[in-house]
């Protein structure tokens, strides 16, 4: 497992660019983390490495954005989807097998649909308001321990 600590968005984007250098064209990267932990900034850095960063925005309402640069990048945000059925209805299972680099925010919500191998990135707030930390692991199979977790935002949102 690799740990990265950043203190501003430019550092987070640089970490994303550096991470992108490892990714094969058909990589799946699953992100989890509370709101404001820099998931989209990290993804913006990944997309900078693939010459498509100027297009990056969080697909919170559109669910999926596709970016074109020197490779095809799919950016999914599952925050607004509550069930696996919701994800199947939008074709997430097909999207995950459609090729290209796929980046999924709030991925812990889709665990049964996420294929292996995949990269997992758990984003956390740091000790200071500016600090963010990222734990990164490559999972080959179900036997490997997952980093994905239910962020506090989702736990609070589910309380009636």
Matching residues, the stretch 18-45, being buried (at least 18 other Cβ atoms within 10 Å of the Cβ) and farther than 26 Å from residue 150 by Cβ: 20
Unmet requirement for residue 49, which otherwise passes all of (1) modelled with pLDDT under 95; (2) touching a helix residue (DSSP H, G or I) at 6+ places or on another chain (Cβ under 6 Å); (3) farther than 17 Å from residue 122 by Cα: (1)
Residue 77 surrounded by 21 or more Cβ atoms within 10 Å (Cβ to Cβ), within 23 Å of residue 146 (Cβ to Cβ) and at pLDDT below 95: yes
The one condition in (1) out of contact with any helix residue (DSSP H, G or I) (no Cβ under 8 Å at 6 or more places or on another chain); (2) under 22 Å from residue 140 (Cα atoms) that residue 73 fails to fulfil: (1)
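The values are calculated or read from the model by the stated rules, or taken from the named source; none is laboratory data. Being a predicted model, the structure only gives us computed values, none of them experimental. Heads up, the Cβs are rebuilt from the backbone with ideal geometry, glycines too, and the neighbour counts pull from every protein chain shown.
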